[in-house]
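A quick write-up on the structure given underneath.
The values are calculated or read from the model by the stated rules, or taken from the named source; none is laboratory data. Everything numeric here is computed off the predicted structure, so don't read it as measured data. All Cβ positions, glycine included, derive from the backbone under ideal geometry; neighbour counts span all protein chains shown.
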Amino acid sequence: MPSNNMSRMTWVLFVGLLWIYPVLGACNKLKDCLTQKTAHVVVADNFSAFISADKYCNHSSVPKLFSANMSCILFVQKKKSRPQTFGEEFPEMEDCNGSSVIHFPKFYIRRKLLLYVMEEMPCNTSGFPVPCQITCLDPKTQCKKSSYDASQCTRMNLTNIYRMNITSRDCLNCDNPVKKPDSEVTVVSNFTHTEGGKVNAAQAAGVMKGMSDLANSINGPSAALNVGEGVTGILAKQTDPVVFEEMLFGYASPSDAMNILGDKNVLAQYSRSVRLSKEAFEKAGGLNANVPFGAILRFSNLDTDEMNSTILGNEVVAVEMGAIINNLTDKISIDFKNIKYEGIPSCRSWSGDGSRPNWTEDGCLTIQSGNNVTCQCSHLTFFAILLVPLNESISSSDLNKLTIITQVGCGVSMFFLAIVLFMHFLFRKTNASVSTLILIHLVSAVFLLNLTFLINDVVASLKNPVACTILAALMHYFMLATFTWFAAQAFHLCMLLYVRSTIGNRHYLLKVSIVSWVQPSVITIIMLSLGKYGKQVISTSDPKDDVAICWITDNTAHYIVNIGYYALIFVFTFTTFIIILSYLICLKRTTNQKVATEMSTNKKSITVILGLCCTMGITWGFAFFAYGPLRIPAYYIFTVLNSFQGFFLFIYYHYTSDPRKTIKAQGSTVSQSTLQTCTYSNENPYSNPTLENPGGQTGTEGGEDSQLKVKEYKQVE
């Protein structure tokens, strides 16, 4: 304890803490003293030292305030700088105009502590510490509210500390909230660039994985990182390895250096900022034995994804903390303020796997407010804000309505398609014509397409990339198969109308089946080998309502394979449809008035039209109108017609494949006479012996009944 000749003594007691910041230096004993003891005393004296004691003086006159575990005593020399051995955590004291002033770093302010000041002139050893007067201060409250005073701190040559007048209880904040990195480090990357001058994505992921070694090699608490052209960043360590704090980083533009921000109030000065939460550092500290750190790299020229997506500002932000961190409740935030953009922003992330980015919305929430966009993500990875063109997005309400229509329609279609298959294989398989068998193949393809579509949402939510890829490939295959069977149906009608002799070729149905089922599989296998399948996001006006599906991830491949493939089929099937429809119109004109009147009012006329549209896929053509002002109406028409396509096929099958109506139709002369009139021929092409029994064949493969052709689409009872 101080001697009797001491002129003045000031006791500063910090209580109410379980932990206090450890000294960063060579003195492990001082570190233990500060971290392992629950109470501390700071004594202003003529020397600097510390005492670590297991027990404190058990004097009867000692107030109860100081009687519990007072085992770390710091002696602070006035008017002198702290010894370098003790580090910047060791406080400083001085006299200023008759008042006692204490200097301490920010970590004292972060703790919930009370400051007890004991003053007595003089204190004698016999009565120690009575009758010293105790003054209680709350530095956390008084200094936390104080703002940085640049002019006064510069005049007093104070940096990165707080200065508190114990007498007046005034606190001067000299901890600059905007700090530049302590050093600059050049990171050897050896990036290889693509043809467009983009940084290889796989190499960028490798650089991020090496941030842990870089953090161990840096002596200071922070460093600016220069990785290469278009790639810069920052690395900052937690200065307190016991009690962590969130870290804020800000920069005004992509070309500006990143600063470390100590106060949220200064975020408004920066158009871009990144926040690493306290929870993230706590998880990193638990998984990593080294000092927790946060490394952020900005890529302005990272390679694009397969879909060549548009990225806001061409900025990709990568975050690394030396450990695998996910499922954060206090999420990492990336803010873009006062940014001009066209389209709908959507926050996406990439895990770093693969040779090119695969941007997904997993774990990220997009918050949009005017020209400000905030990404809140629960994991560490590469982050970017993708811009979806306005004409490619849809409102949340429209998406919900279309989803309900699709699910109900596909469910109803599958039910009736199952009935068609059941009826065919149980009752009509032996009597089925080639036309009916082609229809059954089409029904099977549509049934499987609806099945894969209904379970798509469930599989996409499983977050299993392999399962999602397989389902996307299957759904794509059944869609292409459906398109091909549309063409097969139209081709078969052409055979019946114009090339009667060739339909009798041997194994006609087998050849059509091989082409219709095998050709789509070749396309699917090629795209699967190229890695074109995966999780795709349907963007809405509200990013939180975006929907993920398993589908083609390459937009170019989608347009070439799907749109291009169907466009060719549509031209062929629509031409066939016009020809068939012209025969129906001709039929109506050439029959007598009574029959024509019956036909105009008969529901079968509508059935014929819908049946032709469904069996040849004409309804899918509404997708071509999904642009501009017709986009949303086209979506609804397309969804309704194609979701309920299975129901329409059931009705068509019911009217065209009933054996009783087939027998009855054979006695009708209406179709024969009208067909003769329309073709200006006295010969009925549908009663041609070659068609009915080509080559003397029996069975269903070569024999076509006379009622199967136009009669299947226009027969009137």
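Taking the condition on the phi < 0 side of the Ramachandran plot and crowded, with 19+ Cβ neighbours inside 10 Å, does Thr374 pass? Yes, satisfied.
Inspection of the stretch 513-526 finds no residue satisfying the criterion of being at pLDDT 85 or above, in contact with an Asp or Glu (Cβ under 7 Å, 6 or more places away or on another chain) and within 18 Å of Ile560 (Cβ to Cβ).
Out of the residues in the stretch 508-537 that are under 30 Å from Ser395 (Cβ atoms) and in contact with a helix residue (DSSP H, G or I) (Cβ under 7 Å, 6 or more places away or on another chain), state the one that is surrounded by the most Cβ atoms within 10 Å (Cβ to Cβ). Talk me through it step by step, then tell me what you get.
Of the stretch 508-537, the ones under 30 Å from Ser395 (Cβ atoms) are 532-537.
Subset that is in contact with a helix residue (DSSP H, G or I) (Cβ under 7 Å, 6 or more places away or on another chain): 532-535.
Numbers: Lys532: 22, Tyr533: 25, Gly534: 18, Lys535: 23.
Out of the qualifying residues, it is Tyr533.
Residue check: Val291 meets all listed conditions (1) outside any loop (DSSP other than H, G, I, E, B); (2) more than 21 Å from the chain's Cα centre (by Cα) but one, namely (1). Is one or more of the residues making up the stretch 292-308 under 23 Å from Pro181 (Cα atoms), surrounded by fewer than 18 Cβ atoms within 10 Å (Cβ to Cβ) and in contact (Cβ under 8 Å) with a residue 12 or more places away in the chain? Scanning the stretch 292-308, I find at least one residue that is under 23 Å from Pro181 (Cα atoms), surrounded by fewer than 18 Cβ atoms within 10 Å (Cβ to Cβ) and in contact (Cβ under 8 Å) with a residue 12 or more places away in the chain, so the answer is yes.
This table checks each residue for (1) among the hydroxyl-bearing types (Ser, Thr, Tyr); (2) modelled with pLDDT under 90; (3) in a helix (DSSP H, G or I).
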| residue | (1), (2), (3) |
| --- | --- |
| Val373 | no, no, no |
| Leu380 | no, yes, no |
| Phe383 | no, no, no |
| Thr436 | yes, yes, yes |
| Leu451 | no, no, yes |
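Scanning the stretch 537-560 for residues that are closer than 16 Å to Leu402 by Cβ and not charged (D, E, K, R) returns Val537, Ile538, Ser539, Thr540, Ser541, Val547, Ala548, Ile549, Trp551.
Mind telling me which of the residues Gln238, Gln142, Gln203 ends up being without any contact (Cβ under 8 Å) to a residue 40 or more places away in the chain, surrounded by 13 or more Cβ atoms within 10 Å (Cβ to Cβ) and not assigned by TED's automatic domain parsing to the domain that holds Asp95?
Matching residue, one of Gln238, Gln142, Gln203: Gln203.
Quick one: which residue in Ile419, Ile470 is at pLDDT 90 or above, β-branched (Val, Ile, Thr) and more than 23 Å from Ile525 (Cβ to Cβ)? After ruling out the rest, the residue left standing is Ile419.
Counting only residues that are assigned to a loop (DSSP other than H, G, I, E, B) and of a type in the set (Gly, Ala, Ser), the stretch 238-275 holds 6 of them. Within the stretch 254-272, the set of residues being of a type in the set (A, V, I, L, M) and within 20 Å of Asn372 (Cα to Cα) comprises Met258, Leu261, Val266, Leu267, Ala268.
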